[in-house]
Amino acid sequence: MIELFKHIIHLDFDWIFAQYDTAIYLILFLVIFIETGLVLMPFLPGDSLLFTAGLFARTGHLELSYILILLFIAAVLGDNVNYFIGKNIGLKMLQIKFRGKRLVKQEYLTKTQDFYEKYGTKTIIMARFVPIVRTFAPFVAGVAEMKYRKFLSYDIFGGALWIGSLTMAGYFLGHFEWIRNNIDLVALAIIFVSVLPIIIEVIKAKSIKANKA
């Protein structure tokens, strides 16, 4: 299991496919479900995994229609589980500690709350494209007791947009040989672009504090 986890983190689809064959669909489903459904696992690959899955669909290793449907279901189902965890045990979960440290980091929660203050309910859609915030957005929505019907409508739209755009980007760009031969570099670029908004916000926050001081 640890070996599989290492290869997932490094987006080593060749190894995963060689070891698990068609079970790779289940593995991809679980990764997206866990990343969106459990606030304890915000570090799993999301954007880069979707792009790489689309690229492997281009090369014929995966069936495009299968991954689009399965990963959309995983994304929506994960968010819904996260929402109800937040709604029912969210405040209690925030107090849980392991070896003196909170399992749910306060800084991640704060970033997500700031996101909500800035974008309102549209956060459910926009957070799909922001690592960490993506994992915490449905949890915070549950804690805040956002109306479920509103949450679900935004969540379905955001999930379709996230899964569709990044997977199809990988599929169409996978046509280029350079991209197929440099998956690691492309994945790093996607991760950088994904966390860029967070980096900008951190720089802005530090700049404001420095000016006040």
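A short reminder: the numbers here are calculations on the coordinates, not readings from a lab. Computed from a predicted model, the values in this text were never measured in an experiment. When we count neighbours, we look across all protein chains shown, and the Cβ atoms used for this are built from the backbone with ideal geometry, even at glycine.
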Task: Listed pairs K87/K204; K105/K204; K122/K204; K105/K147 exceeding 27 Å between Cα atoms - done: K87/K204
Open item on the list: Under 16 Å between alpha carbons, and skipping anything fewer than 8 positions from K150 in its own chain: which aspartates and glutamates qualify?
Closed with: D79
- [ ] Rounded to whole Hz and in sequence order, give me ³J(HN,Hα) for the range 70-79 from the Karplus expression 6.51 cos²θ - 1.76 cosθ + 1.60, θ = phi - 60°, writing x for Gly and Pro.
- [x] 5, 6, 5, 4, 4, 5, 6, 5, x, 4
Task: Efficiency of FRET between I69 and I89 - r from beta-carbon atoms, R0 41 angstrom, step 0.05 - done: 0.85
Task: Label point distance in nm, A169-L185, each placed 7 Å from Cα along Cα→Cβ - done: 1.8
Open item on the list: Could you give each residue of the range 133-140 its phi-based ³J(HN,Hα) in whole Hz, using Karplus coefficients 6.51, -1.76, 1.60 with θ = phi - 60°, and x for Gly or Pro?
Closed with: 4, 4, 6, 8, 4, x, 5, 5
Task: Under Karplus coefficients 6.51, -1.76 and 1.60, residue-wise ³J(HN,Hα) of the range 168-184 in Hz, glycine/proline x - done: 5, 4, x, 5, 6, 6, x, 5, 8, 4, 4, 5, 4, 8, 10, 4, 4
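Rounded to the nearest 0.05, what FRET efficiency do T59 and L38 give with R0 = 41 Å and r taken as the Cβ-Cβ distance? Could you check?
According to the calculation, E is roughly 0.85.
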